[in-house]
Amino acid sequence: MQRMPLVCSTLLAASLIARPAAVDAQQPPGRPAPDYRRPSNPVVGIAVPVVANLPFSATVVIQNDRLMGDGSLLTRRTINLVARDSRGRTHNEMRRLAPESFHGSPELMQVILFDPETRLRTTYYPATHMARIQLIPIRPKSAGLPAPWTSQEDLGTDTLNGLEAKGIRRVYAVPADGGGGGQPVEVTDEIWHSPELHLDLLRRYTDPRIGENTAAISNLKREEPPASMFELPPGYTIANAIPSPAPAASTNPARVSDPMADELP
(Lines give C-alpha, C1' and ligand atoms only; values in the text may rest on other atoms or scores of the structure.)
Protein backbone atom coordinates (compact mmCIF):
# COMPACT_ATOMS: atom_id res chain seq x y z
CA MET A 1 0.00 0.00 0.00
CA GLN A 2 1.22 3.50 -0.84
CA ARG A 3 0.16 5.98 1.79
CA MET A 4 1.18 9.40 3.06
CA PRO A 5 3.88 8.80 5.70
CA LEU A 6 2.89 10.12 9.10
CA VAL A 7 6.16 12.05 9.35
CA CYS A 8 5.31 13.93 6.16
CA SER A 9 1.82 14.62 7.51
CA THR A 10 3.28 16.10 10.69
CA LEU A 11 5.76 18.28 8.79
CA LEU A 12 3.02 19.47 6.47
CA ALA A 13 0.80 20.38 9.40
CA ALA A 14 3.64 22.36 10.97
CA SER A 15 4.45 24.17 7.73
CA LEU A 16 0.89 25.46 7.48
CA ILE A 17 0.96 27.36 10.79
CA ALA A 18 3.20 30.36 10.16
CA ARG A 19 1.33 33.11 8.27
CA PRO A 20 -2.25 33.53 6.98
CA ALA A 21 -3.33 33.29 3.33
CA ALA A 22 -5.46 30.95 1.25
CA VAL A 23 -6.98 30.37 -2.15
CA ASP A 24 -9.81 27.86 -2.25
CA ALA A 25 -12.45 26.45 0.07
CA GLN A 26 -12.86 22.76 0.74
CA GLN A 27 -16.17 20.95 0.93
CA PRO A 28 -17.59 19.76 4.26
CA PRO A 29 -15.99 16.52 5.41
CA GLY A 30 -17.85 13.26 5.41
CA ARG A 31 -17.78 9.64 4.34
CA PRO A 32 -20.76 9.62 1.91
CA ALA A 33 -19.47 9.54 -1.64
CA PRO A 34 -20.23 12.42 -4.00
CA ASP A 35 -22.01 11.99 -7.32
CA TYR A 36 -19.25 10.10 -9.15
CA ARG A 37 -20.94 10.68 -12.50
CA ARG A 38 -19.83 14.32 -12.44
CA PRO A 39 -16.17 15.31 -11.89
CA SER A 40 -16.75 17.94 -9.19
CA ASN A 41 -13.21 17.84 -7.70
CA PRO A 42 -14.44 17.11 -4.16
CA VAL A 43 -12.16 17.79 -1.22
CA VAL A 44 -12.79 14.86 1.08
CA GLY A 45 -11.90 15.27 4.75
CA ILE A 46 -12.28 13.05 7.81
CA ALA A 47 -15.73 12.89 9.41
CA VAL A 48 -15.95 12.36 13.16
CA PRO A 49 -18.59 9.78 14.14
CA VAL A 50 -20.71 10.24 17.25
CA VAL A 51 -19.35 7.72 19.78
CA ALA A 52 -19.24 8.29 23.54
CA ASN A 53 -16.35 7.44 25.86
CA LEU A 54 -13.72 7.62 23.11
CA PRO A 55 -12.35 11.18 23.38
CA PHE A 56 -9.56 12.44 21.13
CA SER A 57 -8.26 15.45 19.23
CA ALA A 58 -6.21 15.46 16.04
CA THR A 59 -5.12 17.36 12.96
CA VAL A 60 -6.41 16.30 9.55
CA VAL A 61 -3.85 16.94 6.81
CA ILE A 62 -5.54 17.31 3.43
CA GLN A 63 -3.80 17.33 0.05
CA ASN A 64 -5.71 17.94 -3.17
CA ASP A 65 -3.94 17.12 -6.46
CA ARG A 66 -6.10 18.48 -9.25
CA LEU A 67 -5.52 17.51 -12.87
CA MET A 68 -5.69 20.66 -15.00
CA GLY A 69 -6.86 20.94 -18.59
CA ASP A 70 -3.29 21.26 -19.91
CA GLY A 71 -2.25 18.05 -18.22
CA SER A 72 -0.41 19.72 -15.33
CA LEU A 73 -1.11 18.97 -11.68
CA LEU A 74 -2.19 21.68 -9.22
CA THR A 75 -1.39 20.70 -5.63
CA ARG A 76 -3.08 22.45 -2.73
CA ARG A 77 -3.12 21.63 0.97
CA THR A 78 -4.83 22.53 4.20
CA ILE A 79 -5.28 21.32 7.77
CA ASN A 80 -8.36 20.91 9.96
CA LEU A 81 -8.66 20.36 13.70
CA VAL A 82 -11.10 17.62 14.73
CA ALA A 83 -12.11 16.41 18.18
CA ARG A 84 -14.62 14.34 20.14
CA ASP A 85 -15.24 14.36 23.89
CA SER A 86 -16.41 11.63 26.27
CA ARG A 87 -20.03 12.68 25.78
CA GLY A 88 -19.78 12.09 22.05
CA ARG A 89 -19.80 15.77 21.14
CA THR A 90 -17.83 16.50 17.96
CA HIS A 91 -15.79 19.40 16.56
CA ASN A 92 -14.90 19.66 12.88
CA GLU A 93 -13.40 22.49 10.84
CA MET A 94 -13.27 23.59 7.23
CA ARG A 95 -10.35 25.72 6.04
CA ARG A 96 -9.28 27.06 2.67
CA LEU A 97 -6.92 25.13 0.47
CA ALA A 98 -3.53 26.79 -0.04
CA PRO A 99 -0.88 26.34 -2.74
CA GLU A 100 2.31 24.36 -2.15
CA SER A 101 4.33 27.56 -1.73
CA PHE A 102 2.17 28.73 1.19
CA HIS A 103 3.40 28.50 4.79
CA GLY A 104 0.91 29.65 7.36
CA SER A 105 -2.42 28.95 8.97
CA PRO A 106 -5.10 28.47 6.28
CA GLU A 107 -8.14 30.68 6.71
CA LEU A 108 -10.79 29.10 8.93
CA MET A 109 -14.05 29.14 6.97
CA GLN A 110 -16.42 27.42 9.39
CA VAL A 111 -16.59 25.18 12.44
CA ILE A 112 -19.26 22.52 12.90
CA LEU A 113 -20.20 21.35 16.41
CA PHE A 114 -22.63 18.56 17.23
CA ASP A 115 -24.15 17.55 20.57
CA PRO A 116 -25.80 14.10 20.44
CA GLU A 117 -27.63 14.74 23.73
CA THR A 118 -29.60 17.72 22.40
CA ARG A 119 -29.31 16.75 18.68
CA LEU A 120 -28.19 20.33 17.98
CA ARG A 121 -25.66 21.06 15.25
CA THR A 122 -24.03 24.47 15.48
CA THR A 123 -22.18 25.93 12.51
CA TYR A 124 -20.32 29.17 13.02
CA TYR A 125 -18.40 31.40 10.61
CA PRO A 126 -15.43 33.33 12.04
CA ALA A 127 -15.29 35.83 9.16
CA THR A 128 -18.80 37.17 9.88
CA HIS A 129 -19.28 36.07 13.50
CA MET A 130 -22.58 34.51 12.48
CA ALA A 131 -23.86 31.11 13.56
CA ARG A 132 -26.66 28.73 12.68
CA ILE A 133 -28.16 26.09 14.95
CA GLN A 134 -30.09 23.13 13.54
CA LEU A 135 -32.00 20.33 15.21
CA ILE A 136 -30.84 17.06 13.66
CA PRO A 137 -33.32 14.18 13.95
CA ILE A 138 -32.12 10.66 14.57
CA ARG A 139 -31.71 9.02 11.20
CA PRO A 140 -33.35 5.62 10.84
CA LYS A 141 -31.00 2.88 9.77
CA SER A 142 -31.59 1.99 6.15
CA ALA A 143 -31.62 -1.65 5.15
CA GLY A 144 -31.84 -3.54 1.91
CA LEU A 145 -30.38 -0.74 -0.25
CA PRO A 146 -27.93 -1.81 -2.95
CA ALA A 147 -24.33 -0.69 -2.45
CA PRO A 148 -23.42 2.25 -4.72
CA TRP A 149 -19.99 0.78 -5.48
CA THR A 150 -19.34 -1.90 -8.10
CA SER A 151 -16.61 -3.68 -6.12
CA GLN A 152 -14.95 -3.61 -2.72
CA GLU A 153 -11.47 -4.91 -1.91
CA ASP A 154 -10.20 -5.85 1.54
CA LEU A 155 -6.74 -4.28 1.94
CA GLY A 156 -5.95 -6.02 5.20
CA THR A 157 -4.59 -4.22 8.26
CA ASP A 158 -1.87 -1.68 8.93
CA THR A 159 -0.73 0.49 11.84
CA LEU A 160 -1.43 4.21 11.68
CA ASN A 161 -0.96 6.64 14.58
CA GLY A 162 -0.28 3.64 16.81
CA LEU A 163 -3.67 2.12 16.02
CA GLU A 164 -4.61 -0.92 14.00
CA ALA A 165 -6.39 0.21 10.84
CA LYS A 166 -8.45 -1.91 8.48
CA GLY A 167 -8.36 -0.90 4.85
CA ILE A 168 -10.92 -1.17 2.08
CA ARG A 169 -10.94 0.11 -1.47
CA ARG A 170 -14.27 0.74 -3.15
CA VAL A 171 -14.62 1.20 -6.89
CA TYR A 172 -17.40 3.23 -8.48
CA ALA A 173 -18.00 2.79 -12.19
CA VAL A 174 -18.82 5.88 -14.23
CA PRO A 175 -20.42 5.10 -17.61
CA ALA A 176 -19.19 6.65 -20.83
CA ASP A 177 -22.08 9.12 -20.82
CA GLY A 178 -21.50 10.09 -17.18
CA GLY A 179 -18.92 12.83 -17.64
CA GLY A 180 -15.98 10.67 -18.60
CA GLY A 181 -15.32 12.31 -21.98
CA GLY A 182 -17.01 9.48 -23.83
CA GLN A 183 -15.00 6.82 -22.01
CA PRO A 184 -16.03 4.81 -18.94
CA VAL A 185 -13.90 5.52 -15.88
CA GLU A 186 -13.45 4.04 -12.43
CA VAL A 187 -13.41 6.20 -9.32
CA THR A 188 -11.80 4.70 -6.21
CA ASP A 189 -12.30 5.52 -2.54
CA GLU A 190 -9.70 4.00 -0.20
CA ILE A 191 -10.43 4.13 3.53
CA TRP A 192 -8.25 3.03 6.47
CA HIS A 193 -10.46 2.81 9.55
CA SER A 194 -9.67 2.28 13.23
CA PRO A 195 -12.29 0.00 14.82
CA GLU A 196 -10.87 0.84 18.26
CA LEU A 197 -11.38 4.60 17.92
CA HIS A 198 -14.29 4.42 15.45
CA LEU A 199 -12.49 6.84 13.14
CA ASP A 200 -11.09 6.91 9.62
CA LEU A 201 -7.33 7.49 9.87
CA LEU A 202 -6.60 7.81 6.17
CA ARG A 203 -8.77 8.35 3.13
CA ARG A 204 -7.69 8.57 -0.50
CA TYR A 205 -10.19 9.48 -3.21
CA THR A 206 -9.03 9.12 -6.83
CA ASP A 207 -10.89 10.17 -9.96
CA PRO A 208 -8.81 9.92 -13.18
CA ARG A 209 -10.79 12.84 -14.63
CA ILE A 210 -9.76 15.34 -11.93
CA GLY A 211 -6.97 13.92 -9.78
CA GLU A 212 -6.56 12.70 -6.21
CA ASN A 213 -7.51 13.87 -2.73
CA THR A 214 -5.89 12.52 0.43
CA ALA A 215 -6.88 13.16 4.06
CA ALA A 216 -4.77 11.76 6.90
CA ILE A 217 -5.02 11.97 10.68
CA SER A 218 -1.92 13.42 12.38
CA ASN A 219 -0.98 14.57 15.90
CA LEU A 220 -3.56 12.26 17.45
CA LYS A 221 -4.10 12.80 21.19
CA ARG A 222 -6.27 10.30 23.05
CA GLU A 223 -7.29 12.51 25.93
CA GLU A 224 -10.23 14.72 26.84
CA PRO A 225 -10.21 17.88 24.66
CA PRO A 226 -10.99 21.29 26.20
CA ALA A 227 -14.73 21.81 26.72
CA SER A 228 -14.47 25.12 24.83
CA MET A 229 -13.92 23.22 21.57
CA PHE A 230 -17.56 22.07 21.71
CA GLU A 231 -19.12 25.43 22.58
CA LEU A 232 -20.08 28.43 20.47
CA PRO A 233 -17.53 31.17 21.20
CA PRO A 234 -18.83 34.45 22.65
CA GLY A 235 -19.65 37.33 20.33
CA TYR A 236 -21.49 35.36 17.67
CA THR A 237 -24.95 36.29 16.35
CA ILE A 238 -27.32 33.35 15.83
CA ALA A 239 -28.92 33.82 12.42
CA ASN A 240 -31.90 31.54 13.04
CA ALA A 241 -34.24 30.80 15.94
CA ILE A 242 -32.93 28.02 18.17
CA PRO A 243 -35.31 25.03 17.94
CA SER A 244 -36.58 23.22 21.01
CA PRO A 245 -34.14 20.43 21.94
CA ALA A 246 -35.14 16.93 21.00
CA PRO A 247 -35.23 14.20 23.68
CA ALA A 248 -31.72 13.43 24.83
CA ALA A 249 -30.03 10.61 22.98
CA SER A 250 -28.03 7.95 24.77
CA THR A 251 -24.52 9.07 25.62
CA ASN A 252 -23.27 5.50 25.28
CA PRO A 253 -24.53 4.27 21.93
CA ALA A 254 -24.32 0.58 21.23
CA ARG A 255 -21.25 -0.50 19.32
CA VAL A 256 -21.95 -1.79 15.86
CA SER A 257 -20.16 -4.52 13.97
CA ASP A 258 -19.98 -2.41 10.81
CA PRO A 259 -17.76 0.65 11.49
CA MET A 260 -19.32 2.42 8.52
CA ALA A 261 -22.62 2.47 10.42
CA ASP A 262 -21.45 4.98 13.06
CA GLU A 263 -23.56 8.13 13.06
CA LEU A 264 -22.03 11.08 11.25
CA PRO A 265 -23.53 14.42 12.34
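The values are calculated or read from the model by the stated rules, or taken from the named source; none is laboratory data. None of the values given here were measured: they were computed from a predicted structure. Don't worry about glycine lacking a Cβ; one is built from the backbone with ideal geometry, like all the others, and counts go over all protein chains shown.
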Report summary line: Residues of region 107-136 being more than 16 Å from Ser228 (Cβ to Cβ) and in a strand (DSSP E or B), in sequence order, are Met109, Gln110, Leu120, Arg121, Thr123, Tyr125, Met130, Arg132, Ile133, Gln134, Leu135
Query raised in the report: Tally time: how many residues in region 42-70 are in a loop (DSSP other than H, G, I, E, B), at pLDDT 95 or above and closer than 12 Å to Asn80 by Cβ?
Result: 1
Report task. Output the residue which, of all residues in region 104-125 that are free of Cβ contacts under 8 Å to residues at least 24 places away in the same chain and more than 26 Å from Leu74 (Cβ to Cβ), is surrounded by the fewest Cβ atoms within 10 Å (Cβ to Cβ). Result -> Tyr125
Query raised in the report: Which condition does Ala254 not pass, out of (1) under 17 Å from Gly167 (Cα atoms); (2) modelled with pLDDT under 65; (3) of a type in the set (Gly, Ala, Ser), if it passes all the others?
Result: (1)
Report summary line: Of the residues in region 71-99, those that are of a type in the set (Ser, Thr, Tyr), in contact (Cβ under 8 Å) with a residue 60 or more places away in the chain and outside any loop (DSSP other than H, G, I, E, B) come to Thr78, Thr90
**Report entry** Some residue of region 168-178 being surrounded by fewer than 18 Cβ atoms within 10 Å (Cβ to Cβ), in contact with a Lys or Arg (Cβ under 6 Å, 6 or more places away or on another chain) and at pLDDT below 85
**Finding:** yes
Report task. Of the conditions (1) small (Gly, Ala, Ser); (2) at positive phi; (3) modelled with pLDDT under 85, Gly162 clears all except one; give me its number. Result -> (3)
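This table checks each residue for (1) under 16 Å from the mean Cα position of the chain (by Cα); (2) more than 30 Å from Thr118 (Cα to Cα); (3) crowded, with 22+ Cβ neighbours inside 10 Å.
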position	(1), (2), (3)
Val48	yes, no, yes
Asn53	no, no, no
Ser57	yes, no, no
Ile62	yes, yes, yes
Ser72	no, yes, no
Val82	yes, no, yes
Pro99	no, yes, no
Phe102	no, yes, no
Requested in this report: Give the number of residues within region 197-217 that are surrounded by fewer than 22 Cβ atoms within 10 Å (Cβ to Cβ) and of a type outside the set (Lys, Arg).
Outcome: 7
